[in-house]
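Working notes, structure below.
The values are calculated or read from the model by the stated rules, or taken from the named source; none is laboratory data. Everything numeric in this text was worked out from a predicted model, so none of it was measured. All Cβ positions, glycine included, derive from the backbone under ideal geometry; neighbour counts span all protein chains shown. Ligands, DNA and RNA are stripped out before the accessible areas are found, and what is left, the full protein with its side chains, is counted by its heavy atoms. Shrake-Rupley method; radii C 1.70, N 1.55, O 1.52, S 1.80 Å.
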Amino acid sequence: PTPSDGAAPPAEPKSESAPAENGNAADGAYIAVISKGFQHQFWQVVKKGAEQAAKDLNVTITFDGPPTESDIAIQVDMLKAAMDKGPAAICLAALDTESVKEQLNDCKNKGIPVVGFDSGVPNAPEGSIYATASTDNYAAASLAAEQLFANADFKAKFDAATPEKPIAIGVLSQDATSESLIKRTSGFIDKMIVLAGEENVKVVGHDSYKKDAAKAKVVITVNVPATTAAADMKTGAEALLSIENLVAVYGSNENGAGGILAASNDGNDFNKENGKYKDMIALGFDAGKTQRVAVENGWFLGSVTQDPYQIGYKAVALAVDAINGKSVENKIIDTGAKWYNAEALKDPAISELVYE
Amino acid sequence: MQTIKQKEKVHVDFQKMLAPAALVILYIFFSIFGKNFFSGSTLVSIMDSTYYVGFMAFGITFVIITGGIDLSIGTNMMMSALIGGYVYNSGVNIWVCLVLIIAISTVVGCINGSLISRLKLPPFIATLGMMMMTQGFGSIITKVQTQRFPSAFDADGGYKAIFYKTPSTPLFKTGFPSGIVYMGIFFVVALFLLNNTRFGRYTYAIGSNEESVRLSGVNVIKWKTLVYTVCGFFCGLSAIVYASTYTTIIPGTGNGLEMNAIAAVIIGGTSMSGGVGTMSGTLIGAFLMSVLKNGLMSMGLQGHYQTFFTGLVVILAVLLDIYRNKKAAEVK
Amino acid sequence: MQTIKQKEKVHVDFQKMLAPAALVILYIFFSIFGKNFFSGSTLVSIMDSTYYVGFMAFGITFVIITGGIDLSIGTNMMMSALIGGYVYNSGVNIWVCLVLIIAISTVVGCINGSLISRLKLPPFIATLGMMMMTQGFGSIITKVQTQRFPSAFDADGGYKAIFYKTPSTPLFKTGFPSGIVYMGIFFVVALFLLNNTRFGRYTYAIGSNEESVRLSGVNVIKWKTLVYTVCGFFCGLSAIVYASTYTTIIPGTGNGLEMNAIAAVIIGGTSMSGGVGTMSGTLIGAFLMSVLKNGLMSMGLQGHYQTFFTGLVVILAVLLDIYRNKKAAEVK
Amino acid sequence: MSANTNSDDCVVLKMIDIDKRFQGVHALKKCCFELKKGEVHALVGENGAGKSTLMKVLTGIYQADEGKILYNGEEVCFKNPKEAQEAGISIVHQELNLMNHLTAAQNIFIGRESKGFLLKDSVINQKTQQLFDQLKLSIQPTDKVGGLTVGKQQMVEISKAISFRSSVLVLDEPTAALTDAEITELFKTMNDLREKGVTMVYISHRMDEIMEIADRITVMRDGEYITTLDAKSTTLDEIINAMVGRTIYLEPKMVSSVAPDAPVVLEVRNLESKEVKEVSFKLHKGEILGLAGLMGAGRTETARLIFGADPRKGGEILKNGVPVDIKTPQDAVKAGIGYLSEDRKRFGLSAGLSIADNIVLTCLEDFSHFGIINKEKVKKEAEKYVEKINIKTPSISQLVRKLSGGNQQKVIIAKWLIKNCDVLIFDEPTRGIDVGAKSEIYKLMNELAAEGKSIIMISSELQEVLRMSDRIACMCEGRLTKILDIQTASQELIMKYATSRT
Ligand SMILES: Nc1ncnc2c1ncn2[C@@H]1O[C@H](COP(=O)(O)OP(=O)(O)OP(=O)(O)O)[C@@H](O)[C@H]1O
Ligand SMILES: Nc1ncnc2c1ncn2[C@@H]1O[C@H](COP(=O)(O)OP(=O)(O)OP(=O)(O)O)[C@@H](O)[C@H]1O
Ligand SMILES: [Mg+2]
Ligand SMILES: [Mg+2]
């Protein structure tokens, strides 16, 4: 299923499968939605989708999330508090599956269905997750690598590169601990390795992604800043941008792209005419106003967007299905991801996905 | 003389009653207005979220009574848990790792103590530096990789039955919260240490007037180092319960937690200027913060309201204390 | 007498030279061993990452010289920026919003000051409470929504040319880093305030012996409130430069930043016990931390090494200070 | 005297029926006080009599609960020290109240820097220099106060009070830290001021000074006004009687009570440090060795070296003929040496702890098994000592903070008695203690010596030294200049050796 066809909320095709009239069991039910965060635009759109679904399907929800994506203890406590309130179902985007395993087990024992969303609850114990509405981050990130490799400028530089004079690619990753970010970073790197040839790519910087190659033409540097604070993201991006022979830089989520934007005068430095980094190619992930403007102006080659609205909407819809005792065939519902660039943004179907 | 003494006694009792009273009032308040707050499962949640803060708060109570401060407790706790997890994941027996956790955090406490007592660094600065160093060091050792402890269903998960929760039993369907026993035991240990031992007496004495203790022929350097070491030891206990409760340890975290522990100590009536404080106050302070947290969530208020109200409670608690002391002075 | 005085002078000069010397040595070190460290763009990066910490550090220097502490500077700064952004996004003129930011943070400073000087709360406790309250309040007002300030190419982005970076000019291709001018101006203001005004004199005097100042008929309550208010004002300046540099303000953040500012002040030689300190030391401390941060990155060491080494530098700086003073005392 | 020529009509200040209560303490009870223009009026009384409190009420630091103050015939009520200063009344406080990190000039002109917001330090430096010249002080206006000796710091405080050009100047125990030379200079200045018509209140426990400088003397006891005497026509006994209402222990010692063959308990050889040079002496069993000298002669430093409280550069310490290596106070305590410091509040007591906890602090290990304290034993022993040396307190769990100075000093003595040290160093044991408590402490020291303990007593009061010591060691500028036998010692001789600078 393509994500764009369900962009307009009321026309959501999946909601047909859970119409209010034959779902009496769910009427007025309380569903606790626990996200991985709260502050980023991404989550705001997820929340919007969830709230719309709640309205359409006549349930009440609360939407909560920890202050940062490393606050595992806070998320676990939130989950517990949510369980204590006796919800009919829980929607959960776990920061880390291990930390919530016991709560999932308790939910199972208490008969509270759990629906995963966003990165979901990967490797959850058998039978504890009803279904998951998520983006396939690994596949989504490989879109960015494909686009980069298809770019003519990059191709020319790649062909010209030699093991003596390799070209460099920088990857800015907010952290190296959350599943989705690891997927988005490794999805990009792995695809790059496939496209460029295994013998040609070396990965340095962060230990998780290290890969050696004797005669590498491409050196990928992964930088994980000290904290997720904007200031540290910017410093991390600057460190990448000062690498010799850097031809491209990729930020693996909204915050990562934000770091690159902050380090480049809101993207202006990638201006193809007279920008400081005019010869470099920048790619992002997710959206947000500044990033969107950078893509629109052609400073960023483009970016990968998920469909946060659908993520939120489908999570709640699945929860209602679960309350109604419906069975699902496919445990993972891909909410889709799309590559967008200045050209694509002119298409309203795509433009709608790219939140500000 | 007799009347003065009686009045003083009434005053002390009032002072001792205030924090528990606030705790009870808050609990009743949330039971009435919160969604499903008055329930066994919420009570267990409250206890669960008290454990790790509580242990740190016990430890830092000693430090604060000496008039010092330890900003490194949160990161020390996380670093020990991280390294413990790292060693566990490289194949070492889980029990050895738990002992290692305590050893590491105790050593960090001892380094803090030596910097402060032997090299005469101000506590704020020594432990600020140590806070940054432990946070960085945990990341360096683990190469910034998340460390996972075995969960209850894993082969090695048995330790959780002691430090966090037993498997399901007929009486306790979701398992007996054994963490409360673990915390209870070490609360009694801390209480005993503070009130019945030379260590505790010197803790108060140093907080009251360090130079006079030194000139009484007491080896202040030794005892002060020991105070920070004990604080480190409690961080290790906290790290174990944290690992049991939350399973996953993320590098680069832990700073900020010290402020929660300090807030619990302050709400419990311990003075930052040293010489005054009780362990039971700290226990109540820690529970008060958990009740606030879970209660606000049960009322549908999100996390940030909790942050706001905790701050407010800290200020009000100390204002009340100042006002009460003034009042008491006037009555006398 | 003569010789003693001369020796003292040499000693003072040595003391004054140490922090700048360390800065220069570090810079040279990284220029040699870091990759691409010695370049104009790295220099600009260093400055960029100094601005917001620098302003907070200037502000808290006053507070620390009085012997106090302000733990709320980081969250105060973020909250002001958040509310400013919220008001901007609801359609108010950007310049009005910038003024509002300063007003808010100044008011928070004033509340801190009143709690401390009028209601006699210990600074650590009052500002710990305020830290939690401001953090929570920023989230409550903005409903935990990220706030965005206009970026350079937006219609309203002109303010960045003043506080952060001008548009591209012939001489400065990536734009002139005007933030350094902005910081420079307020450094001079802070320097002047501290050294040439009654405000500065009372700041030192209160830190040295508050009771004596009070008995000399100085309105200590007023001046101490003012010290925290000025600190709040500098947080507002910091919030503006933060908004200009990073555009995006995330609710629930800001705690932890105070420790960076405090570390800068300590590295700059200001004593936590009050009465001693310089503004230029703070400036150098702030730059030293930025050089360390950018330098370690240029050597391929990731963020967590930076955390570790900053902690180490804090401890070493103060150890050196203690050792130096001891040495100097012996010479005398 | 100018003060006496036109007596009645020149009352500058009248305090009538002043009442002041602190938490539980009735510090002033319908107290009265009167000042005439241009006189030096001494205010005397035991510790805690309320002298400082009365003066603080006068200068607006405290507000009286009841009563009124008439100043130049008008009723006044100063809300803060500044108002009092503006009205022409200034005070030098009993405790040093300086900002150590600021210069002398900055200290003196704090709060009076300039009209505007900006500072002009050159102006205040110049004014300060004039002031110092007038007082013949060798202090630079730009000297940091923290680097000055205690005596000079006190002079800075006095300069500050004088700089207000007040018509009433209150000096609350200004000489406690001054050298004789400085006292002489101070008295000269006071005489000058008296000539100019400045009225002064002078508070001191040193009777000889009072007899020298005062015109009239007001005696207070327990917060009450007792009497006002004319200095010229009263005797010391009369004053002391009025102060305490009882006779006191005043017998001076004529011969040493130590047996000639008493063994040497403690011997120090060539003690060296920054402040102390080649100090050697012997201390016998049952002996009280007085350590005399001017302020800053290095007596405290010598004691601290013996006790291991400060690092020692050279020299040897022998206990019962055996060398002991004392590096820290705990080494000294182990060797049986106890030290009662000159500054109770800062070094002697943990004021926030109870009497019992303070008493057992030196030997907590004897009251505990495996680190666990036997609280019953602590209680019993503490009560024993409270009774033995007559500490006035409702219970042993009373916080030491709440005791009066003399009783606090007794707690410290108890602390060392319980440790059973055979060498005790008393540093200024009676500083700031009233006459009644003093005599009790003297008695206690004599009893201890009789029991066979050896005592080193540091004191700045020559009469006290002469009254208590078996031998007297004189110090000057860090050197031990002479050890005198009590038979031969006299005030003049001690002063000679205390000033024999090399
Ligand atoms: N701020 C205060 N709070 C409580 N009690 C006080 C305070 N100041 C003084 N007192 C008490 O008031 C009484 C009078 O004290 P004051 O200092 O006036 O005595 P004094 O005559 O100056 O004694 P000294 O000779 O020791 O200086 C004492 O009992 C003292 O403990
Ligand atoms: N902590 C200190 N720092 C610097 N100098 C000091 C310190 N303590 C004492 N001194 C100086 O050392 C010298 C010896 O002082 P010491 O206190 O031993 O003299 P003292 O004879 O006991 O006089 P006092 O009657 O004042 O106690 C003096 O010049 C004094 O100013
Ligand atoms: Mg007095
Ligand atoms: Mg002395």
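Things to note:
- Residues of the range D:87-113 that are farther than 24 Å from residue D:151 by Cα and at the interface with chain C (Cβ under 8 Å from one of its Cβ atoms): D:113 alone.
- Residue check, residue D:13 within 13 Å of ligand 1 (Cβ to nearest atom) and of a type in the set (A, V, I, L, M): no
- Filtering the range D:282-302 to residues that are buried (at least 19 other Cβ atoms within 10 Å of the Cβ), more than 11 Å from ligand 2 (Cβ to nearest atom) and in a strand (DSSP E or B) leaves D:283, D:284, D:288, D:289, D:290.
- The set of residues in the range D:303-345 being polar (S, T, N, Q) and either within 13 Å of ligand 2 (Cβ to nearest atom) or assigned to a loop (DSSP other than H, G, I, E, B) (or both) consists of D:320, D:328, D:341.
- For the range A:280-320, the set of residues classified as touching a Pro at 6+ places or on another chain (Cβ under 8 Å) and open to solvent by 20 Å² or more (accessible area, probe 1.4 Å) consists of A:309 only.
- All of (1) open to solvent by 60 Å² or more (accessible area, probe 1.4 Å); (2) at pLDDT 95 or above; (3) among the polar types (S, T, N, Q) hold for residue B:168 with one exception: (2).
- Among (1) farther than 22 Å from residue C:127 by Cβ; (2) assigned to a helix (DSSP H, G or I) - the single one residue C:218 does not satisfy: (2)
- In the range D:31-70, the residue that is least open to solvent (accessible area, probe 1.4 Å) out of those that are basic (Lys, Arg) and within 15 Å of ligand 1 (Cβ to nearest atom) is D:51.
- For first residues located in the range C:117-135 and touching a residue at least 40 places away in the same chain (Cβ under 8 Å) and outside any helix (DSSP H, G or I), partners that are open to solvent by 10 Å² or more (accessible area, probe 1.4 Å) and small (Gly, Ala, Ser) and lie 6+ apart or on another chain with Cβ distances below 7 Å do not occur.
- The residue list A:196, A:176, A:161, A:216 contains one member that is crowded, with 16+ Cβ neighbours inside 10 Å and closer than 30 Å to residue A:68 by Cβ, which is A:176.
- Taking the criterion of being in a helix (DSSP H, G or I) and of a type in the set (A, V, I, L, M), the residues of the range B:136-158 that qualify are B:140, B:141, B:155.
- Subset of the range C:98-116 [without any contact (Cβ under 8 Å) to a residue 40 or more places away in the chain and open to solvent by 30 Å² or more (accessible area, probe 1.4 Å)]: C:99, C:100, C:111
- Within the span defined as the range D:339-347, one or more residues are more than 7 Å from chain B (Cβ to nearest Cβ) and either of a type in the set (Ser, Thr, Tyr) or closer than 18 Å to residue D:453 by Cβ (or both).
- Yes/no for residue D:37 being more than 16 Å from ligand 2 (Cβ to nearest atom), over 29 Å from residue D:139 (Cβ atoms), among the charged types (D, E, K, R) and in contact with a helix residue (DSSP H, G or I) (Cβ under 6 Å, 6 or more places away or on another chain): yes
- Note on the range B:202-224: among residues that are open to solvent by 10 Å² or more (accessible area, probe 1.4 Å) and among the hydroxyl-bearing types (Ser, Thr, Tyr), the one that is modelled with the lowest pLDDT is B:208.
- Residue match in the range A:78-95 (condition: buried (at least 22 other Cβ atoms within 10 Å of the Cβ) and within 14 Å of chain C (Cβ to nearest Cβ)): yes
- Residue pairs meeting the criteria (Cβ under 6 Å; at least 6 apart or on separate chains; first free of Cβ contacts under 8 Å to residues at least 40 places away in the same chain and open to solvent by less than 20 Å² (accessible area, probe 1.4 Å), in the range D:93-118; second polar (S, T, N, Q) and not in a loop (DSSP other than H, G, I, E, B)): D:105/D:125; D:105/D:128
- So residue D:73, is it more than 12 Å from ligand 1 (Cβ to nearest atom), modelled with pLDDT under 90, out of contact with any Phe, Trp or Tyr (no Cβ under 8 Å at 6 or more places or on another chain) and open to solvent by 20 Å² or more (accessible area, probe 1.4 Å): yes
- Residues that are away from chain B (no Cβ under 14 Å) and of a type in the set (Gly, Ala, Ser) within the range A:120-149 comprise A:120, A:131, A:133, A:134, A:139, A:140, A:141, A:142, A:144, A:145, listed in sequence order.
- Total residues in the range C:39-68, condition modelled with pLDDT of 95 or more and open to solvent by less than 10 Å² (accessible area, probe 1.4 Å): 13
- Those residues of the range B:254-267 which are buried (at least 24 other Cβ atoms within 10 Å of the Cβ) and facing chain A (nearest Cβ under 9 Å), in sequence order: none
- Taking residues in the range D:290-311 that are modelled with pLDDT under 90, and partners anywhere that are crowded, with 24+ Cβ neighbours inside 10 Å and part of a loop (DSSP other than H, G, I, E, B), the pairs with Cβ atoms closer than 6 Å and at least 6 places apart or on different chains are D:298/D:276.
- Those helices (runs of 4 or more DSSP H) of the range D:386-494 in which at least 2 residues are within 16 Å of ligand 2 (Cβ to nearest atom) and either over 18 Å from residue D:303 (Cα atoms) or within 14 Å of chain B (Cβ to nearest Cβ) (or both), considering only elements entirely within it, cover D:462-468.
- Condition met for residue C:281 (outside any helix (DSSP H, G or I), surrounded by 22 or more Cβ atoms within 10 Å (Cβ to Cβ), at pLDDT 90 or above and more than 11 Å from chain B (Cβ to nearest Cβ)): no
- Between A:252, A:186, A:242, the distinction of being at pLDDT below 90 and surrounded by 21 or more Cβ atoms within 10 Å (Cβ to Cβ) belongs to A:242 only.
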